[in-house]
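Encoded as structure tokens, the structure appears first; notes follow it.
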Amino acid sequence: MKTLNAEKIVLCFGFAGVAAAIFLLSYFDQRGLSNEDSIYFMALARSLSQDLSFFPHGGHNSWWPPLYGVLTGIVAKAGIGDVIWASKFLNVACFAITAVLLYRISPSHDPLVMLAVFPASVITISFFSLSDILFLPILTLNLLACVRLYETGCRRFVLLMALSALFLFLNRYIGFFILSVNGLFVLWLYVKRRLSFGRFVYSALFLTVSAGLMGLYLYFNFKLTGMITGPRYSSPETFFEYTYQIIRVFGDDINLMMVGGHNHLILFGSSLLVQITVLWLVFKNGQWKALFPSKENIPALLFLSTGAIYLLTLIAIRATTETMHLHYRYTAPGVFLIVAGLLFSWTASRQSTCKNSRVLLMSLMFVSLFVSVTTQALLNSQRSSFMFPEFREMTIEKYKGVPPKTIILWGEHLINYYSRDVFVTHPHWNTRRTGETWDGFLYRIRKMYPDHAIFLQRFETRYIDGLNQHETVNRALYKLLENRDQTEWLIPVYIPENWNQSL
């Protein structure tokens with residue numbers, strides 16, 4: 001008992017370290033650890049907290065689902081104010097709630113299962129104002145509902161399963177994969193006679209309703225923007241190129257102590273060596289067999305199989321469309337699920353009572369936290385010249401004179417979080433330069449924001465090639481930037497007839 005209480009105290013220090021890192025690293029990053037993918041979430045949060053509107057800047061974005069932005073807006077409205085800081089409070093809550101749910105799922109209530117939230121990829125996604133970290137508590141809640149349905153057969157867990165599946169989808173579109181997990185699990189329960197036919201039909205009905213609501217939201221996207229989930233392009237890689245990309249990203253994921261190891265090889269190698277040494281000490285002399293779950297260990301089997309299905313879904317989606325670059329942001333949920341499944345299996349074995357093994361595994365938590373914070377701090381120092389509050393005020397001051405209903409191409413995306421009048425964006429790109437065409441981009445933006453004027457923020461033409469844009473975009477940019485007055489910092493691209501503003 002004393003050992004378990006001591007471990008809980010140590011874990012609390014770990015959680016406090018993650019929370020402190022989230023706020024401190026964000027403070028010393030000039031954009032508050034947000035990026036261009038944060039634009040819609042933070043703009044929606046600002047729109048909800050200030051204007052009570054679901055349509056930031058007067059338009060709807062189908063690229064990202066709304067749940068993270070909605071919850072951030074609620075936190076901001078509750079008293080935090082600034083949407084960036086509100087998102088950090090939400091991230092801390094998501095990290096802690098995920099750990100608590102794991103503890104509740106554990107049949108033995110072993111605190112060591114909470115170590116599943118301490119791989120470097122999970123810690124790192126919690127730093128950023130993005131929806132990735134919210135995915136984990138919703139996913140864990142769904143699997144908790146599955147476990148409780150197995151244990152009790154109560155109908156309320158079917159409802160919880162269906163609702164959490166819907167919320168998972170509204171957080172990230174890939175969340176639809178959980179319907180396959182839930183459907184197969186319910187079918188397995190029926191085959192094993194742990195569900196009556198009536199409750200099986202009841203479960204199937206609720207999961208079907210959840211799937212229908214997902215489809216309804218996609219139809220809503222299509223009606224408003226002409227796209228189901230934003231622009232999608234066929235995957236440009238050859239089979240061998242894509243295979244290499246998969247090997248590389250999963251090779252990085254083997255090191256649970258660090259992400260982005262190819263950028264810091266010494267740190268990556270050192271942390272990997274520590275991980276291998278600790279795991280060898282814990283699982284030597286055949287103790288690794290404890291990582292294989294028994295047939296009765298439903299939490300372990302469920303988490304491991306869900307992790308495998310998630311990663312296979314991710315690979316399949318990326319193989320057909322270039323929706324994202326495969327890296328730790330997208331593989332983190334799979335890593336989390338597999339690590340949690342292994343911990344559920346190990347904590348159910350006799351080996352988990354070995355005090356030395358438990359101490360060694362706990363030590364990995366602090367190694368992962370230290371390396372994750374160090375890596376992110378190094379990145380911050382390379383790209384940030386200002387602290388977040390200072391850069392935020394500079395950005396607001398810079399765009400203060402821009403009139404309402406203005407879209408600026410290649411401006412500072414931070415202004416999207418703090419202005420209801422100015423919207424910064426640019427065409428979608430990829431490294432193969434096969435992204436959105438110039439005409440396609442203008443058609444999409446004018447359809448979404450028909451009464452907005454579009455301007456290009458001046459920059460040097462030598463930067464155009466590094467934007468990785470479609471060749472039609474490059475030609476348009478050269479044409480717009482050539483022979484312009486150097487004092488003209490906003491260059492007109494499209495002015496609607498009813499737009500009567502002056503810069």
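Among the residues of the stretch 353-382, those that are hydroxyl-bearing (Ser, Thr, Tyr) and under 16 Å from Ile123 (Cα atoms) comprise Ser363, Ser368, Ser372, Thr374, Thr375. Taking the conditions (1) free of Cβ contacts under 8 Å to residues at least 40 places away in the same chain; (2) closer than 24 Å to His426 by Cα; (3) under 28 Å from the mean Cα position of the chain (by Cα) in turn, Lys398 satisfies each one other than (3). Residues in the stretch 290-312 that are without any contact (Cβ under 8 Å) to a residue 60 or more places away in the chain and part of a helix (DSSP H, G or I) were compared, and the one that is surrounded by the fewest Cβ atoms within 10 Å (Cβ to Cβ) is Leu312.
To keep it simple, each residue is scored yes or no on (1) in contact with a helix residue (DSSP H, G or I) (Cβ under 7 Å, 6 or more places away or on another chain); (2) of a type in the set (D, E, K, R); (3) not assigned by TED's automatic domain parsing to the domain that holds Ser349.
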| site | (1), (2), (3) |
| --- | --- |
| Arg248 | no, yes, no |
| Leu256 | yes, no, no |
| Leu281 | yes, no, no |
| Gly286 | no, no, no |
| Thr306 | yes, no, no |
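Quick check on my filter: what residues within the stretch 87-111 are at pLDDT below 95 and either β-branched (Val, Ile, Thr) or in a helix (DSSP H, G or I) (or both)? Within the stretch 87-111, just Pro111 meets the criteria. For Thr225, the test of being more than 30 Å from Leu378 (Cβ to Cβ), in contact with a His (Cβ under 9 Å, 6 or more places away or on another chain) and among the hydroxyl-bearing types (Ser, Thr, Tyr) is passed.
Only one residue in Phe222, Phe185 is touching a helix residue (DSSP H, G or I) at 6+ places or on another chain (Cβ under 6 Å) and either in a helix (DSSP H, G or I) or modelled with pLDDT of 90 or more (or both). Which one?
Values: Phe222 fails: touching a helix residue (DSSP H, G or I) at 6+ places or on another chain (Cβ under 6 Å).
Selected residue: Phe185, the only one of Phe222, Phe185 that is touching a helix residue (DSSP H, G or I) at 6+ places or on another chain (Cβ under 6 Å) and either in a helix (DSSP H, G or I) or modelled with pLDDT of 90 or more (or both).
Within the stretch 43-52, the residues that satisfy the criterion of being among the aliphatic types (A, V, I, L, M) and closer than 12 Å to Gly81 by Cα are Ala45, Leu48.
Here's the yes/no breakdown for (1) surrounded by fewer than 18 Cβ atoms within 10 Å (Cβ to Cβ); (2) charged (D, E, K, R); (3) in the same structural domain as His264 (by TED's automatic domain parsing):
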position: Thr353; (1), (2), (3): yes, no, yes
position: Gln376; (1), (2), (3): no, no, yes
position: Arg392; (1), (2), (3): no, yes, no
position: Pro404; (1), (2), (3): yes, no, no
position: Ile415; (1), (2), (3): no, no, no
position: His426; (1), (2), (3): no, no, no
position: Thr434; (1), (2), (3): yes, no, no
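Residue check: Ile396 meets all listed conditions (1) at pLDDT 85 or above; (2) assigned to a loop (DSSP other than H, G, I, E, B); (3) farther than 30 Å from Met258 by Cα but one, namely (2).
Might you check whether a residue that is assigned to a helix (DSSP H, G or I), assigned by TED's automatic domain parsing to the domain that holds Val371 and basic (Lys, Arg) occurs anywhere in the stretch 193-206?
Step one: filter the stretch 193-206 for residues assigned to a helix (DSSP H, G or I), giving 197-206.
Going one step further and asking which of them are assigned by TED's automatic domain parsing to the domain that holds Val371, we end up with 197-206.
Next, from what is left, pick out any that are basic (Lys, Arg): 199.
Within the stretch 193-206, one or more residues are assigned to a helix (DSSP H, G or I), assigned by TED's automatic domain parsing to the domain that holds Val371 and basic (Lys, Arg).
The values are calculated or read from the model by the stated rules, or taken from the named source; none is laboratory data. The structure presented is a predicted model; accordingly, all values stated were derived computationally and were not measured. Here Cβ is always computed from backbone atoms with ideal geometry, including for glycine, and neighbour counts include all displayed protein chains.
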